[in-house]
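Written below as structure tokens is the structure these notes are about.
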Amino acid sequence: MRAGYYVSAFVCCNELQNLLDIKLRHDQTIALWYFDGNSEAKLVKYWELERISGYKQHAKAFYNKEAFYTLLEQLLAEEELSLKDVNEICGTKEIETNTRYRDVFDYTGIAYHSIAHLMTAMYYGNKQPLQTDMVLLSLDAGPDSQFEEDAYDKKFYVGGVIKNGKLDIFPIESPARLWSYAFKKFKLREGTLMALATATDTTIEFDVSKFDDVSFYDDSTRIKARKIVDEISEFVFSTCLPKNADKRFSEEEHKISAIMKNVANLSQRILDRNIERIIKQYELVAEETIISMAGGFALNCPTNSYILQKYKFANYQIPPCTSDTGIAAGIGLSAFYVDLGTSDLKIDFSSAYYGQTVEMDTAILNKYQSYIDAVDAVNSKDIVEDIIKDSVIVWVNGNSEIGPRALGNRSLIGDPRTTKTKDLLNNIKKRQWWRPVAPVVLDEKAKDWLEDYTYSPNMLLNFVVKPEQLDKVPAILHFDNTARVQSVSRDSNIELYDVLLEFYNITGVPVLCNTSLNDAGEPIINNLEQAVIFALHKNIKHIYINGKYRITLKNNTDLQGKPFGYRDEIFFMPDKGANTAKIIEEQNPYGLSIKELTYFMDNPNIFAKYDIRKQEDALFIKNATAEYLENNPDALQR
């Protein structure tokens, strides 16, 4: 590989997909890398398209590759670069200049999507992972079909072991499909279901050990997960609630909570099978081995904590972009690993803060001057005084986080000492009243507040709050007295650290509430203007920029309560002047529905030789889709 810049892109480029909003990849992202020409590479910038478009979990295709290049050119310009500076692009068929990054893994019989996740787990926070003993688990719901035509015919989930400087890759099981089906069944996101599982004391035990012989390796997992969750649900819904059930929750909430407790139990049993099989086969000592995980299921904090506590691994690695937001990173890491994959290779992928940066912008301040009361320089003491006085502030700092969670750079920050803060934050974000608020905690004080504390910089572990501290931080508590913690050290986030330290010096509490800066259904805020609009819509008085400046807003009534709007949609629109109706008619002359087109485009292993512009082929696709939906009625809900 030549010295210079490289781009890995997890996107889609297709006219018909764009015009009809056909979703084949969600959480689309673009990564920019730099390689020094010898043995060192680093992640320079990471662009999550949802932050640019405003489409939550961005799944919309670019109209064509020219539209992709237009956006990439603008993003590169922010780094004082251009397309001419990019040596190679990989990750998306329409635009990639090589396929080595995935071709080398064909021998595994495992979908590449899962291998990309594995690479993020392997390299996150570890520049030279081949020099350590490691167990790797890629725990996703399933792959996309855009890397290889036969993705759905392969094993879906990949595990790995690094021992004696060698990476060995093999299929594993993943429980993630249980949760993705539950999301479709109950219309509650996986994270909400995780929270609801621990939000009540209601337990209706189902013997999930009966499923111990059910395997979760491939496409058959879809049907298995549906049958299992439906069976557990039927049992729970036919059982009466305990008489002492908390009446603040509806009967349905109690029942779903009980169902998800059983699903969580089954999920842990599946993970145990994986880990115990790997440890035994490779003769590993857990206490001397790192556990590394990625894939959407690795966002499950209770299970992550369960694994660490049970097996006592030496350390853990879970990237902040552990969901499909991390696939573009995995593609780039694969490319370096394949071309340069020796133990001498060093890759710097160690932070959560690779997104676009925010700075004070006079043009934005002027644009909203009628709503602004004052702009002034502040210090940590000023910020803490406002938190104590107002309960909640808007906090925008430096580069945005990567991944789905706010990690202290695009956040709503609040006082944890009163449940009023939790109620206010849930109201601002239009969330259920029982949803807990995650805390940021001073790393050096955390052991005094949390049982069995381990450094948790990416909010991916749960801890029990010590009994003597419970009444001091009611806003952060789950109903079982746990909290989903983000550790903050001076090295990880100096601006937030200084505020936490000042709050501790004033109150004796080294904890603040932290939740993502966005409305329900909206991606996390990306820039100053979006932050101002958000605060005006939510009637929040103070916005802090980079820990140095405070924007104080006037009371207003004309913007309060207004819904958020989309952002830079222009990059995802068809070409100006394009006759879109004619294009659709020419490319889809027999009027295949969105679900039929989705099934066709998402299954090249079945339809690679079919042409939707031929009547006979279009009829075959209609019939094949109908048959598929009979057996998988929820499968094309996107």
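Restricting 72, 136 to residues that are part of a helix (DSSP H, G or I) and either closer than 23 Å to residue 12 by Cα or under 26 Å from the mean Cα position of the chain (by Cα) (or both) narrows the list to 72.
Residues in region 80-117 that are open to solvent by less than 20 Å² (accessible area, probe 1.4 Å), part of a helix (DSSP H, G or I) and polar (S, T, N, Q): 114 alone. Determine the pairs where a residue that is without any contact (Cβ under 8 Å) to a residue 60 or more places away in the chain and over 24 Å from residue 211 (Cα atoms), located within region 230-252, has a partner that is part of a loop (DSSP other than H, G, I, E, B) and of a type in the set (Ser, Thr, Tyr) with Cβ atoms under 7 Å apart, the partner being 6 or more residues away or on another chain. Matching pairs, first to second residue: 241/202; 242/202; 245/202; 246/200. When the criteria are applied in full, residue 235 meets the requirement of being modelled with pLDDT of 95 or more, farther than 15 Å from residue 175 by Cα, in contact with a helix residue (DSSP H, G or I) (Cβ under 9 Å, 6 or more places away or on another chain) and assigned to a helix (DSSP H, G or I). Name the residue that is surrounded by the most Cβ atoms within 10 Å (Cβ to Cβ), counting only residues in region 228-283 that are within 16 Å of residue 197 (Cα to Cα) and either acidic (Asp, Glu) or in contact with a His (Cβ under 7 Å, 6 or more places away or on another chain) (or both). The extreme case among them is 253. Listed here are the strands (runs of 3 or more DSSP E) enclosed by region 489-585 that have at least 2 residues being touching a His at 6+ places or on another chain (Cβ under 7 Å) and more than 24 Å from residue 402 (Cα to Cα): 549-553.
Checked against the criterion of being of a type outside the set (Ser, Thr, Tyr), surrounded by fewer than 15 Cβ atoms within 10 Å (Cβ to Cβ) and within 28 Å of residue 10 (Cβ to Cβ), the candidates 355, 341, 332 yield just one match: 341. When region 29-66 is filtered for residues that are surrounded by fewer than 20 Cβ atoms within 10 Å (Cβ to Cβ), in contact with a strand residue (DSSP E or B) (Cβ under 8 Å, 6 or more places away or on another chain) and farther than 21 Å from residue 336 by Cβ, the ones remaining, listed by number, are 64, 65.
Enumerate the pairs (first residue in region 157-182 and open to solvent by 10 Å² or more (accessible area, probe 1.4 Å); second residue anywhere and of a type in the set (Lys, Arg)) with beta-carbon separation below 7 Å, excluding pairs fewer than 6 apart on the same chain, so at least 6 apart or on different chains. Pairs that qualify, where the first residue is open to solvent by 10 Å² or more (accessible area, probe 1.4 Å) and the partner is of a type in the set (Lys, Arg), are 171/155; 177/222; 181/226. The residues of region 341-398 that are free of Cβ contacts under 8 Å to residues at least 40 places away in the same chain, closer than 18 Å to residue 413 by Cβ and either outside any helix (DSSP H, G or I) or of a type in the set (S, T, N, Q) (or both), listed by number, are 379, 391.
The values are calculated or read from the model by the stated rules, or taken from the named source; none is laboratory data. Source: prediction; values computed, not measured. Methodologically, a virtual Cβ is constructed for each residue, glycine included, from the backbone with ideal geometry; neighbour enumeration extends over all protein chains shown. With ligands, DNA and RNA removed, areas are computed over all heavy atoms of the protein, side chains included. Shrake-Rupley method; radii C 1.70, N 1.55, O 1.52, S 1.80 Å.
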